[in-house]
Amino acid sequence: MSPANAKLNAFPVFMRIDGEAVAIVGNREEALAKARLLAQSSAALRIIADDADPDLLAFIAASGAVHVGAAYEAAHLQDVALVFAATGDKALDRRVAEDARRLGIPVNAVDQPDVCDFFTPALVNRAPVAIAIGTEGAGPVLAQMLRVRIDRMLPPSLGRLAALAASFRAAAEKLPKGNRRRRFWSDFFAGAPAKAIEAGDHAQAHGAALELLSADAPAGGHIALVGAGPGAEDLLTLRAHRLLMEADAIVYDALVPEAIVAMGRRDAERLPVGKRKGCHSKSQEEINALLIELGQAGKRVVRLKSGDPLVFGRACEEMAALREAGIAYEVVPGVTAAFAAAADFELPLTLRGVSSSMVFTTGHDLKGNSLPDWAKLAISGATVAVYMGRSVAAEVAGRLIEAGLSPDTAVAVVENASLGTRRRFHGTLADLPSLEERADLTGPVMTIIGDAVAGGNFERSEPLAAHKHEGAASAVAEGVHP
Ligand code: SAH
């Protein structure tokens, strides 16, 4: 499901083509399309066309391609690095492909993926920067759409910036390896040199890059306490995404999905610190110490917490430790599990005339003798979101009913909110204790209680109490629930 698990059947590489010849066989638009694509490279084009149409002839004249004006034969492929069979005649294209293969030359045949050694990508060209988009032949339209989007994202000056970077490579090699050098490059590509190039001022860009080279070693590190959201990768904020891509180290909890951690740089340190069943996890003190150590080493750190970092995330202790150690930090909010759960049920957390306040709680504080304040709020109509509530479901329900909340109050429960693996349940407060018996719920579970919950959509959810009454049979049925 996550991109990290999907395997490519075609692996993209950039082939050195400068000074090589490339053959394109065909007379019409298919050949012209390939010729136009290849003309973006410095390869020498050899177009084998015995009956070229006027557009192709015009292209050949304008581009300086070599025109072989004879009926195709294998000898025409002599000494080329790549072959494109684009005659519009499938049988002929196959013959070209067979010849190429016999000569040991990689070949592409238009619209015949089974005879292709390689596929041609949709191309975003900012030479020397190239972005090649491939779909393994599944969706040329998709590839073109992506190309347009990426093209729009990248400044036309990107190629000039990359060329300037190449001219600084040797000087940058003299910087100390690791942090200092990486910071030079990230400031180069995101800072003053990039801005000057974009503004068309090459001299200023050059000066700004020189300045970055001689700048003092960068100050201490920086820690971002970042909300990773409830699980779905695309519920991450843009700011979280940017910080992730810049981070030297990523410190993350068990609930943070691998796919989000994988958005970091490939060379970033990845440090899991959270509890996963049966695995070692670090104590809060050890995590504080780790963050301080990374900060003191001058690293840019993203500390990923599930949901929002300030909701049941022990962020306060980490921030206090960082303040004390004098390490700069910032907090980036995330979508908390309660919001994801509400969205999964399309249920209003506040509802005009019904509920105008909401409570985030764990339910664990119900274990004392006195009712906490939030129980009174629940009775006066607040919507209650219970984090970490599976193991205290009976306690929560019992105490709320005892305190006067109706046993008929609506309850919604979701495991793995926001994810494709989510499971939804609905019922009443009286049904809630059955949650504790469900050993089949192994993911994180969010419970929402209140009259506003009744405004949700329960079409795709199972009754909470069914499990209790129907026993094993329903557990099997639940196993195949999406
Ligand atoms: N900071 C997090 C909460 C951490 S406490 C946030 O803002 O969401 C961990 C609890 O959050 C879990 O026990 C569960 O109750 C809830 N939770 C986190 N992710 C969840 C998810 N995808 N679905 C349901 N509940 C989730």
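What number of residues within segment 406-425 are open to solvent by 20 Å² or more (accessible area, probe 1.4 Å) and assigned to a loop (DSSP other than H, G, I, E, B)? Qualifying residue count, segment 406-425: 9.
When ALA325, ALA385, ALA315, ALA343 are checked against the criterion of being within 16 Å of the ligand (Cβ to nearest atom), in the same structural domain as LEU294 (by TED's automatic domain parsing) and at pLDDT 90 or above, ALA315 stands alone in meeting it.
Filter segment 144-161 for residues that are of a type outside the set (A, V, I, L, M) and in contact (Cβ under 8 Å) with a residue 40 or more places away in the chain; which is least open to solvent (accessible area, probe 1.4 Å)? Give the derivation first.
Of the residues in segment 144-161, the ones of a type outside the set (A, V, I, L, M) are 144, 147, 149, 151-152, 155-157, 159-160.
After this cut, where a residue has to be in contact (Cβ under 8 Å) with a residue 40 or more places away in the chain as well, the list is 155, 157, 160.
Working: PRO155: 37, SER157: 8, ARG160: 132 Å².
Selected residue: SER157.
Filtering segment 362-381 for residues that are open to solvent by less than 40 Å² (accessible area, probe 1.4 Å) and within 11 Å of the ligand (Cβ to nearest atom) leaves a non-empty set.
In a helix (DSSP H, G or I), at pLDDT below 95 and open to solvent by less than 80 Å² (accessible area, probe 1.4 Å) - does that describe any residue in segment 1-12? Walk me through it before giving the result.
Keep residues of segment 1-12 that are in a helix (DSSP H, G or I), which gives 3-5.
If we keep only those that are at pLDDT below 95 as well, we get 3-5.
Those left that are additionally open to solvent by less than 80 Å² (accessible area, probe 1.4 Å): 4.
Yes; the residues of segment 1-12 include at least one that is in a helix (DSSP H, G or I), at pLDDT below 95 and open to solvent by less than 80 Å² (accessible area, probe 1.4 Å).
Evaluated against (1) closer than 28 Å to LEU255 by Cα; (2) under 37 Å from the mean Cα position of the chain (by Cα), ARG352 falls short on exactly one condition, (1).
Inspection of segment 309-316 identifies no residue that is open to solvent by less than 20 Å² (accessible area, probe 1.4 Å) and within 29 Å of ARG181 (Cβ to Cβ).
Of all residues in segment 426-460, those satisfying the criterion of being within 12 Å of the ligand (Cβ to nearest atom) and either crowded, with 18+ Cβ neighbours inside 10 Å or touching a residue at least 60 places away in the same chain (Cβ under 8 Å) (or both) are LEU435, LEU441, PRO444, VAL445, MET446, THR447, ILE448. Please work out if THR336 is within 14 Å of the ligand (Cβ to nearest atom), of a type in the set (Val, Ile, Thr) and in contact with a strand residue (DSSP E or B) (Cβ under 6 Å, 6 or more places away or on another chain). Here the answer is yes, as THR336 does meet what is asked.
Kindly indicate whether any position in segment 117-130 is part of a helix (DSSP H, G or I) and not assigned by TED's automatic domain parsing to the domain that holds ALA194. Quick ask: steps written out before the conclusion?
We begin by selecting, within segment 117-130, every residue part of a helix (DSSP H, G or I); these are none.
So far as segment 117-130 goes, no, none of its residues is part of a helix (DSSP H, G or I) and not assigned by TED's automatic domain parsing to the domain that holds ALA194.
Figure legend. Inter-residue proximity from segment 221-249: first residues within 30 Å of VAL414 (Cα to Cα) and more than 16 Å from the ligand (Cβ to nearest atom), second residues open to solvent by 30 Å² or more (accessible area, probe 1.4 Å) and of a type outside the set (S, T, N, Q), beta-carbon distance below 6 Å, spacing 6+ or different chains. Indicated pairs: LEU244/MET263. Counting only residues that are touching a helix residue (DSSP H, G or I) at 6+ places or on another chain (Cβ under 6 Å) and open to solvent by less than 20 Å² (accessible area, probe 1.4 Å), segment 50-73 holds 1 of them.
The values are calculated or read from the model by the stated rules, or taken from the named source; none is laboratory data. Everything numeric in this text was worked out from a predicted model, so none of it was measured. Positions of Cβ are backbone-derived with ideal geometry, glycine not excepted, and every protein chain shown enters the neighbour counts. Note: areas computed on protein heavy atoms with side chains; ligands, DNA, RNA excluded. Shrake-Rupley method; radii C 1.70, N 1.55, O 1.52, S 1.80 Å.
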